[in-house]
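Scroll down for the structure; my scribbles are underneath it.
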């Protein structure tokens with residue numbers, strides 16, 4: 001009886017590990033539809049425009065980003081812009097030109 005319990009516990013643990021591994025792989029496959037597109041990101045503090053190059057967990061990364069000021073002026077931002085997703089009010093895919 002103890003052997004049967006041990007075998008069933010081992011099978012249960014194996015299935016749990018396999019399920020977790022499949023879930024992790026699937027989570028990494030999910031890519032935001034706007035990745036590799038030009039986007040407008042609206043934040044509480046204003047708006048940013050750039051190319052969405054990555055989204056991982058709670059972070060999004062924009063390249064060639066520019067801060068859009070209230071008076072219509074644009075201020076280019078150096079390097080990659082990394083934003084926490086919780087700060088994003090909404091993200092808009094812009095048409096390709």
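Derivation of every value follows stated rules applied to the coordinates shown; laboratory data play no part. Since this is a predicted model, take the numbers as computed values, not measurements. Cβ placement follows ideal geometry from the backbone for every residue including glycine, while neighbour counts extend to all protein chains displayed.
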Between residue 93 and residue 19, the FRET efficiency computed from the C-beta separation at R0 = 30 Å comes out, to the nearest 0.05, as 0.35
Subtracting the Cα-Cα distance of residue 80 and residue 3 from 0.36 nm times their residue separation yields 22.1 nm
